[in-house]
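The values are calculated or read from the model by the stated rules, or taken from the named source; none is laboratory data. Only a predicted model underlies this, so the values are computations on that prediction, with no experimental measurement involved. Here Cβ is always computed from backbone atoms with ideal geometry, including for glycine, and neighbour counts include all displayed protein chains. These accessible areas exclude ligands, DNA and RNA; they are computed on the full protein's heavy atoms, side chains included. Shrake-Rupley method; radii C 1.70, N 1.55, O 1.52, S 1.80 Å.
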Amino acid sequence: MTLLYRAQVMSQEQVAAAIYETMIRPEQFDRFFSGPPAAGQAAEGGQMPQRPRGAPVLRAHFARAAEIQEQQWEQAGRPHPSSCCSMGSRFWLLAGTGTGTGGRLLNASQRAAGQIEGRGGLAAAMGLTRAAAGRWHTFLKQVRQGAFSWQDVLVLRTRRPGERFLCRPVRLDTAGGTAVAVMAELLEWEWNGEAAGQVAAAFGLRKADLKPLKAVLSGPGGRVAGGLQQAAARAGAPGAAELIRLTAFLMTEHTRDLKIARGELLPPAEEFQDTSGQRCQYFRLGSETGQPVVFVHGLLDGIAPLQRLQPQLRMLGFRVYAPMRAGYGGSAPLPRGQDPADAFVRQLEGLMHRENLQRPVLLSHRGGALYGCRAANRLHQRIAGLVAVAPNCSITSTRQFSGLRGYAWLAAACAARANWLLPVLMKGWSAALRWYGPKALLRFQTARGSRERALLQKMALLPLLQQSQALFLQQGGAGFLTDVQMMRRGVPKLPLPRGTRAVFLHGGEDHVAPLRDVRDALNGLGGAQLCVSQEAGALVFYTFPELVLTALQDCAAAAPDAC
């Protein structure tokens, strides 16, 4: 396994994706709407100021995004700025300067139109503070009188935390001549020092270069200082408005990623029905584009180990989907008599069809490795490869339970000797988890006094594990009971077809799934690569996440050559 893991700064791919996301929007079609120069432009002599050359790569992406947007404008029939429409969730409005103080609504997004109806005026509908409303009225007056520059950008504060309005002049051609309006776009904004440093580095700027932006967005608002125009030029952005929009997007995205990684937010979730009509829930992590990955969770800690890596997954360009197996989270329990592996393959096929996933990599954890191998076997040509982290694939005798502790040991023992006791035991375990706390889900897998347990105590995992505990218990533990019984049946050999690209990452100190058992299970599988970290144990996903990401990169890089 080649050490490929690098995720300390924002990748160019991540920044490029954000450029296209923030540039290709109908409310910005006005950049292609030509007409005679208005007063503000005439005051500048009709010439754009000479700007220094920006970062070539980012400048090329901005230019390409503008080309794509112009194509969409042409395809839409070259709509006038006052008639273009937007059906998305963004909030924007176009205000005519007119003769009134508050501006006359010329156009608005669907969301904005719904909020404006019945409100006292545009400033009230935008939710501006009293000071911001005054700046809004002043700006409209200045634009009406021609006392403005086309590069002017005004930022207005709202009464809602984390929201600002980005305002700029827009040229209009009308039957009566040329007029000027003001476009106001709602920005989500939350300053984060770590995110600011990463954004500045991605733009080839210093963190200090973003101080004018922080001042205007974090403060009371107002016109953007000229220093930000210079920063935009060095970053390769067409202007200050594009830089503000892009920076706000990236910082909000990174801040949200950090909250997901800390367990303050759950990743976005969706639901669908598989071919048998069963309700299936799945979470989306990582980036919006890139190599698709399907995470096959284990029995105890759900998506927690993956959720911790949200920022790195995005930076590395992994588009991750984490379906909840039957009986976990919002996925319906498995109907009596159905095979759990067959149900998971149906779920995976439904997910691949819904999201149009082309040859995803399967990333499985602990007991999820058996499901991952079964899915790779059934969907051989449609899967790019498999990464199995700390696999624990079969329970065949009570001797294998010696590495478990507490209720986990009892559940595994009952699966082997007394299946009828499992539902009763599950109720007791649910109560115990609430009493002892969610970290018990991981302590079960570590030995008392071990180095791994000491590391576990130092990790800030409580919010993440609380979320996983809630998913674990949402259906009364039905998914766990199904998984334990399936693992009890076991398999003589892992159902992995020859030639499948597979990486098995294991900890040498894993007492629950000893290394010798994993080696026996992989014996004869020519395409499987076993990577062992002698310093890790059952919690290798938590203690050495860089090994997991490296294995993913390795498998994804070899995908074109796989099967």
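Some notes on this structure:
- FRET efficiency estimate (nearest 0.05) - Cβ-Cβ, residue 12 to residue 470, R0 25 angstrom: 0.10
- Hull volume in cubic angstrom per residue (convex hull over the Cα atoms of the range 124-257): 112
- Computed accessible area, residue 139, all protein chains, 1.4 angstrom probe, square angstrom: 0
- Take the Kirkwood radius over Cα pairs of the range 233-307, plug it into Stokes-Einstein at 37 °C and 0.692 mPa s, and you get 214 µm²/s for translational diffusion.
- Chain lengthening between residue 192 and residue 90 when straightened (0.36 nm per residue, less Cα-Cα): 34.5 nm
- Entry note: the range 192-251 has Rg to Rh equal to 0.91, where both radii use alpha-carbon atoms and Rh is the Kirkwood radius.
- Put simply, the Cα atoms of the range 71-150 extend 40, 30, 17 Å along their principal axes, the longest span coming first.
- The listed residues 185, 74, 535, once ranked by accessible area (1.4 Å probe) with the largest placed first, stand as 535, 74, 185.
- Ligands, DNA and RNA aside, residue 207 has an accessible area near 100 Å² when probed at 1.4 Å.
- Residue-normalised accessible area of the range 197-285, expressed per residue, 1.4 Å probe, Å²: 38
- Rounded accessible area of residue 520 (nearest 10 Å², 1.4 Å probe): 100
- Here's the list of aspartates and glutamates a cross-link from residue 214 could span, going by alpha-carbon distance under 15 Å and ignoring same-chain residues fewer than 8 apart: 163, 188, 190, 194.
- Residue 149 paired with residue 519, simple spin-label distance in nm, labels 7 Å along Cα-to-beta-carbon: 7.1
- Nearest-0.05 FRET efficiency for residue 451 and residue 80, computed from C-beta distance (R0 60 Å): 0.35
- Length added when fully stretched, residue 201-residue 258, from 0.36 nm per residue minus Cα-Cα: 18.7 nm
- Label point at residue 113 placed 7 Å out along Cα→Cβ; residues across the range 12-33 whose backbone nitrogen lies under 19 Å: 25-30
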